[in-house]
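What follows is a single structure, written as structure tokens, with notes after it.
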Amino acid sequence: DLHKGRPTAQLWWPTRGRLVRRSGDLVRGLPEKGIGIAAPAGTEVYAVAAGSVITCIRPESGSESAWGNVLALSHAGGMVSWYAHLDRIFVAKGARVDKGQVIGTVGSSGAVERPELAFRLFRNERQVDPESLLP
């Protein structure tokens, strides 16, 4: 179980589950830029740090993107966290969130075969390996 349950760390794990993809793993022949965490559908997804919702995408039925339901949060210090394949989204664009706040649930929206969370981190518009910053 990845989630440490300690929201006092700089960042908090985005969900409880099993790491199934790491940054750099090949997915459809391309290097993964984030991590994949498999978890039962409906598992809570948490804001990794306090911030605000900058993207909230719920593709309409029939036009679903490969990422499905997506959230992105802006944090202090030029950090952005990105969450995809969500089943449910509990926050709206522009909302403020606290570290550890439930922002959605794990799902299988988009082009995944099992419930999982695709998670990425950016610092100053450059992707970073999430595992290098998560506790």
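Rule-based calculations on the coordinates, nothing more; no lab input. Model, not experiment: these values are computed from the prediction. Cβ sites come from the backbone with ideal geometry, for glycine too, and all protein chains shown count toward neighbours.
All other residues whose Cβ lies under 10 angstrom from that of S52 are scored, Lys and Arg at +1 and Asp and Glu at -1, for a net of +2. Under the combined filter of DSSP loop state and at most 16 neighbouring Cβ atoms within 10 Å, the range 63-135 retains these GluC sites (Glu not before Pro): E64, E113, E125.
For V45, nonlocal amide neighbours, meaning residues 5 or more places apart or on other chains whose placed amide H falls under 5 Å from its own, are I103, G104, T105, V106. Converting phi to 3J(HN,Hα) with the Karplus coefficients 6.51, -1.76 and 1.60 and the offset θ = phi - 60°, the range 69-74 yields 6, 10, 10, 9, 10, 9 Hz in sequence order, with x at every glycine or proline.
Phi-derived couplings, Karplus 6.51 cos²θ - 1.76 cosθ + 1.60 at θ = phi - 60°, listed residue by residue for the range 114-126: 9, x, 6, 10, 8, 10, 9, 10, 10, 10, 6, 6, 10 Hz, with x used for Gly and Pro.
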